[in-house]
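A quick write-up on the structure given underneath.
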Amino acid sequence: MEYVVQHRLRSWVEHLNCDKGVAPSRAMLTAHAGQCIPDIVPAEIRQRLERQLHGPARGQRKWLSRFRRRWKCRVGALPALAYWQWLGFARLEAVTAGQEPLIVNVDETSISFVTGLKGTVIKACKGKRAREAASLSQRRSNFTYLAAITPDPAIQPFLPQFVLLNEHQISKEELAAAVRSAPPNVRMLRRPSAWCDNAVMRQYLSALRASLQTAAPDRYAILLLDVARAHVHNSIRDHAKRCRVRLVYVPAGTTKYLQPCDLQLFHSFKRVLEEVWRERKGHAVIGALTMQFRLGVLFEAMKRVLATRKWEKAFQLAGVLGDQRSIKRSLLDVLGWTQVPEIPVRPPSLADAARIFPRRMKIDTMSYIYWHKDRPLPDEARRNLPCLD
């Protein structure tokens, strides 16, 4: 009889997940499981099942553990729905304002200067080792690449690309030479640390605004960021509003499924970077590799990847263009869905929005959701708000 109850409960959970976008709690599961007991069940069996479902918490957990194990359920929130709902609300704001939305994804990755011997390596003669013309400090020194992509190929060449370098890695003279040889949309920042922080993000927002004023002055800019602490701060939010850039955050722990940069850009970029490194180093004069050489490799990789490829597919795979039918199958498997449920046309609730950010991050979540406090809600969003009676 327990199997019958669990089978009915499983159908109900699937309905909530796929049709309502709700992940039921333990209290909801135990309450509904009692309703799944057939009426024809003998009183003794009914009482035993009800004791398991409505008795001590330990008994409930054991029963639900058997249920999840048998039906391959998982415990967890569904932040992807809140993320897509938030994006839909941001696009609706753009349409209401009479502007076409422009979605940009920005994220950083650490890149090493020296990739080592990757590829075809022949065993050297005894007493002779392969040459690596780089010092120990060079091999241990990384820099940060703050990359930006958009599904609009006409706007992509204008998006600023930041390269963060430690001041111990590059001199002022080398930086000046690098700036002269860099592509026009690449900014080189020489700083005490090569890590991205709040100050760098504010600089990036200013650069993005300046670029979009030229390339897309009438578009409604929506910037996708992950929830790293370097990206989430009141000063960043306030500066983004001054720059007229709408911020939307990718849920914590989901970037490999929901962030376009992680889906397609970084893997391709690092693979091409290694290939360019091999090509140029193979033709270089034997000796120490200069900073100019290393940055030349970086700029060539940027040209081959960012300037020649279209990134619309990456945004489709992340489901951020308003249609989630193209998302990766692996994401459906992780969420336990056979298909994506309907996304409500309204801002996510406080509880749903809070799941997007790390639990210990103390921020005013709704100040990011309701970006334009001086504007009324779009009519379509207002009609779909749940009634609070």
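Quick notes on this structure:
- From the largest down, the range 213-285 spans 50, 35, 21 angstrom on the principal axes of its Cα atoms.
- Using 0.36 nm per residue and subtracting the Cα-Cα separation, the extra length available between Ala177 and Ser349 on full extension is 56.8 nm.
- Shown is the FRET efficiency for Asp333 and Gln35, computed with R0 = 41 Å from the Cβ-Cβ distance and rounded to the nearest 0.05: 0.90.
- Each Cα pair under 8 Å and six or more residues apart adds its separation to the average, and for the chain the resulting relative contact order is 20 percent.
- Taking a Cβ cut-off of under 10 Å around Arg191, the surrounding Lys, Arg, Asp and Glu residues balance to a net charge of -1, with basic ones at +1 and acidic ones at -1.
- Other residues lying with their Cβ under 15 Å from the Cβ of His15 contribute a combined charge of 0, Lys and Arg counting +1, Asp and Glu -1.
- Counted charge near Thr308, where neighbours are those whose Cβ lies closer than 15 Å (Asp, Glu -1; Lys, Arg +1): +3
- The range 2-71 - percent relative contact order, Cα under 8 Å, separation 6 or more: 31 percent
- Selection from Leu159, Thr144, Pro24 lying farthest towards where the dipole of the chain points positive, charges on Cβ: Thr144
- For the range 303-344, taking Cα atoms only, Rg and Dmax work out to 13.0, 40 Å respectively.
- Separation of the Ser193 and Arg61 label points, Cα + 7 Å toward Cβ, nm: 3.8 nm
- A DSSP coil position with no more than 14 other Cβ atoms inside 10 Å describes the following trypsin sites (Lys or Arg not before Pro) in the range 8-95: Lys72, Arg74.
- Calculated FRET efficiency for the pair Arg26/Ala252, C-beta based, R₀ 22 Å, to 0.05: 0.45
- Across the range 239-266, the residues whose backbone nitrogen lies under 14 Å from the label position 7 Å along the beta-carbon direction of Met361 are 247-256, 259.
- Against the compact-protein benchmark of 2.2 N^0.38 Å, the Cα-based radius of gyration of the range 2-71 scales to 1.07.
Each reported figure results from applying straightforward, stated rules to the coordinates on display, with no laboratory input. As the structure is a computational prediction, the values presented were derived from the model and not from experiment. In this analysis, Cβ positions are derived from the backbone assuming ideal geometry, glycine residues included, and neighbour counts consider all displayed protein chains.
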